[in-house]
1. On the Cα set of the stretch 54-101, report Rg and Dmax in Å, please.
2. So which lysines can Lys80 reach, going by Cα to Cα under 28 Å and dropping same-chain residues fewer than 8 places off?
3. Give the Rg (one decimal place) followed by the Dmax (whole number) of the chain, computed from C-alpha coordinates and expressed in Å.
4. Taking H as built 1.01 Å from N, whose amide H comes closer than 5 Å to the amide H of Ile104, not counting residues under 5 places away?
5. Once R0 is set to 25 Å, what does the formula 1/(1 + (r/R0)^6) return for the Cβ-Cβ distance between Val86 and Thr59, expressed as a FRET efficiency to the nearest 0.05?
6. I need the calculated FRET efficiency for the pair Asp41 and Ser66, taking r as the beta carbon distance and R₀ as 30 Å, to the nearest 0.05.
7. Tell me the mean residue ellipticity at 222 nm calculated for the chain from its helices only (DSSP H runs of n ≥ 4, each -39500 (n - 2.57), averaged over every residue, nearest 500).
8. Bin by bin, in steps of 5 Å, what percent of the Cα pairs in the stretch 1-73 do you find, going until the bin that has the longest distance?
Amino acid sequence: MDIDSKQANTVQALTEHTEDVALILMKNVEMVQERAGKLDDADERAEALEEASKRFEKTSIRLKRSYDEENSCCSQKKRKLVVVIVVGVFVITLIIVLLATGVIPMGSSSSTPPPMPTTPTP
């Protein structure tokens, strides 16, 4: 082989190698473009999820306030009922104690007045 054929072989090998590198680069560029498209899609989805989460947060806050208002109304009614029951039990207990101690005379079937206490004479 003479020098010209060696150079021709080297040039041809370099040309093939350059073509291979060019193909690899083209594939890489295509892959980068595909990834860019996927990243754009992912970014759009992330923005949509962020908006949805903000709407969910606002809705949950409104719902919680509404629930708290309903519960406060019901709890006030429950408190009033408990107070009425406690006062009723207290009044009934007081009446029973007063009747048992004789402060309030028990009604009897006869309408005779109670006996008067007598004082002993010396």
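Every number in this text was worked out from the coordinates using simple rules, so none of it is lab data. Note that the coordinates shown come from a computational prediction; the quantities given were computed from them, not determined experimentally. No Cβ is skipped: glycine too gets one built from the backbone with ideal geometry, and neighbour counts run over all protein chains shown.
1. In Å, with Rg to one decimal and Dmax whole: 20.6, 69.
2. The reachable lysines, counting only those whose Cα sits under 28 Å from Lys80, are Lys64.
3. Rg then Dmax for the chain, in Å: 50.0, 168.
4. Leu99
5. Numbers: r = 40 Å, r/R0 = 1.60.
My answer for the efficiency is 0.05.
6. With a Förster radius of 30 Å, E is 0.20.
7. Taken over the chain, the calculation gives -31000 deg cm²/dmol.
8. 3, 12, 8, 9, 7, 7, 7, 6, 6, 5, 5, 4, 4, 3, 3, 3, 2, 2, 1, 1, 0
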